[in-house]
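Written below as C-alpha cells is the structure these notes are about.
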Amino acid sequence: MATDPKATIKRALESFRGDDLYRARMAFKTRTPEQMQQPYGQSGQTCAQILEGYQQHDAAVNAALVWLESK
C-alpha cells in the first residue's frame, strides 16, 4: 500500500493538536475574568494560563501545517 508522506504527517499533526483547547474553552466559558485568574485544581496554573498554553499549542500546530503545505 503506497502512502503519501505529506498526508501522513498532516494527519499526525491534526492528531497531535488534540481537543484540549476545545475542552478548556467549554470548561471555562462561564467563568468571570476574576475566576479565570484563580488556580485550577491541582494544576498550579490559573484557568487563563491553561487556556493560553492550549492556544499556543494550537498555534504551533497551525504553523507546522502551513509550513508543511509550502513543501
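Every read-out reported here was derived from the displayed coordinates using simple, explicitly stated rules and does not represent laboratory data. The structure presented is a predicted model; accordingly, all values stated were derived computationally and were not measured. Please note: Cβ atoms are built from the backbone with ideal geometry, for glycine as well, and neighbour counts cover all protein chains shown.
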Cβ-Cβ under 8 Å pairs, at least 6 apart or on other chains, region 2-14 side closer than 11 Å to Leu68 by Cα, far side not aliphatic (A, V, I, L, M): Lys6/Lys71
Single residue of region 15-56 satisfying the filter (out of contact with any His (no Cβ under 8 Å at 6 or more places or on another chain) and either in contact (Cβ under 8 Å) with a residue 60 or more places away in the chain or of a type in the set (A, V, I, L, M) (or both)) that is nearest to Ser70 (Cα to Cα): Leu51
Might you let me know whether region 59-71 holds any residue that is touching a helix residue (DSSP H, G or I) at 6+ places or on another chain (Cβ under 9 Å), of a type in the set (Ser, Thr, Tyr) and in a loop (DSSP other than H, G, I, E, B)? no
Can you name every residue in region 24-71 that is touching a strand residue (DSSP E or B) at 6+ places or on another chain (Cβ under 8 Å) and aliphatic (A, V, I, L, M)? Met36
Region 31-51, residues that are β-branched (Val, Ile, Thr) and more than 17 Å from Asp20 (Cβ to Cβ): Thr32
